[in-house]
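Here, each number is a calculation from the coordinates, and none is a lab measurement. On a predicted model such as this, the values are computed, not experimentally measured, just so you know. Cβ atoms come from the backbone with ideal geometry, glycine included; neighbour counts cover every protein chain shown.
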Amino acid sequence: MTYASPTTVNASAGIGAILSYTNSVSSGWLSNMILLGIWVIVLIGYYKAKDDFAGAMAVAGWGTFVVGLLFWLGGFITGWTFSVVVAMALVGVIIILVDNSNG
């Protein structure tokens, strides 16, 4: 499969044009890895700051959900990937609800 040359991307159109090109070249893996990176960075950062794993799961899940929703609306991720993002957000909420009910 041949891809368009990077010089054909209209960089003055903004970061969306560059993201769209690199996402098409990587067969959608770039946006998936950006979402995974956001989730991991927020999870570890919140956990190290507050020492609360349940809260970190919830914050990371919902933060990734917001970015994933924007990516999905922009056409950068598929519906299957977005459903995984929604599931991660729901797991974070379930964990925080179960953790708060025991304490």
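Some points to look at:
- Label selected from [x] 19, 17, 14; [y] 33, 13, 10; [z] 22, 17, 15, the criterion being semi-axes √(5λ) of the Cα gyration tensor in Å as computed here: [y]
- FRET efficiency for residue 41 and residue 11, using Cβ-Cβ distance with R0 set to 35 Å, rounded to 0.05: 0.85
- Counting other Cβ atoms within 10 Å as a rough exposure proxy, the listed residues 69, 35, 97 run 97, 69, 35 from fewest neighbours to most.
- Candidates 34, 77, 18: whichever shows maximal mean-square fluctuation once the chain is modelled as a Gaussian network with Cα springs under 10 Å: 18
- The packing ranking of peptides 5-15, 22-32, highest mean first, is 22-32, 5-15, where packing means the average number of other beta carbon atoms within 10 angstrom of each residue.
- Chain lengthening between residue 50 and residue 98 when straightened (0.36 nm per residue, less Cα-Cα): 15.4 nm
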